[in-house]
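Please read the structure below before turning to the comments.
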Amino acid sequence: MPELPPPLPPSERTVGQLIGETIRAYGDSFWRVLPLGLAYAAVDQACVHRSYVPTAIIYWAATPLLVFAYIRACQVVLGGRLTRSVVLVAILVYAPFPALHAGYILPGLAWFAFVGLAVPAALVEHLSVRDALRRGRELGLADYVHSLGSLAALVVVVGVAEITMSAVLHTQGGTNVRVALFLADLVFTPMLYIGGAMLYTDQAARIRSPRPDRRRRNADLHPALDADPAGRADPQGKS
């Protein structure tokens, strides 16, 4: 069997490779991160058949549980010590999410892509609350398309996996629909937290190694490829 090519460095990692690395990291730490899915699984059960406002209220009420789950996943992937600043940053970042998510998930993802990396930044870089929020915005904007695309892809992958697992448990295993949904949330939700933590390394690497812009790349062309390089004689002998 041919060997797979080595993965790209974080500064050049694609969305697909981030998903692959997330799955691998999740598998390596499966039993450590599995309990982190309990919080979202319980919230999802409480939100079944509920409208916008009750759903948002439930998500706000579950703030401590969901915030802790993400911080813990960041610790598993990146290390770092839990401090009051990390917790405060996580709460501030999460606070608008229930209102954004309850109607449609994309605005919530856009918000997390913009400033959500403040949480791992506070954890790893030991920043104050204000500096962490500023750093989170800097990280998000380092390559916002990659940040948002990665989070959206993670949600799609996890969502498809959960639908598939819950359907199999219900149709083939005879499991109650609600129980099947709970188990699927429990198993796959930690991947979202792991992926969010790994996105921090991508965006931080992009800040350290910015991609050269098109103008810079064109400036590196050999003069022979230029349309009229300096000093070239006029082909028709005109001055």
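Two decimals is fine: what's Rg over Rh for region 10-207, C-alpha atoms, Kirkwood radius as Rh?
Details: Rg = 16.2 Å, Rh = 16.9 Å.
When Rh is taken as the Kirkwood radius, the ratio is 0.96.
Taking a spot 7 Å from the Cα of TYR52 along the direction of its beta carbon, which residues of region 98-134 have an amide N less than 16 Å from it?
98-108
For region 124-188, compute the orientation-averaged projected area of the C-alpha convex hull (one quarter of its surface), in nm².
On the way: hull surface 23.8 nm².
With every direction weighted equally, the projected area is 6.0 nm².
Stretch GLN17-ARG32 to full length: gain in nm at 0.36 nm per residue minus the Cα-Cα span?
Working: separation 15, 0.36 × 15 = 5.40 nm, distance 2.27 nm.
Taking 0.36 nm per residue and subtracting the Cα distance, the gain is 3.1 nm.
Each value in this text was obtained by applying a stated rule to the coordinates, not by laboratory testing. Just so it is clear, the model here is predicted, and its values are computed rather than measured. Cβ atoms come from the backbone with ideal geometry, glycine included; neighbour counts cover every protein chain shown.
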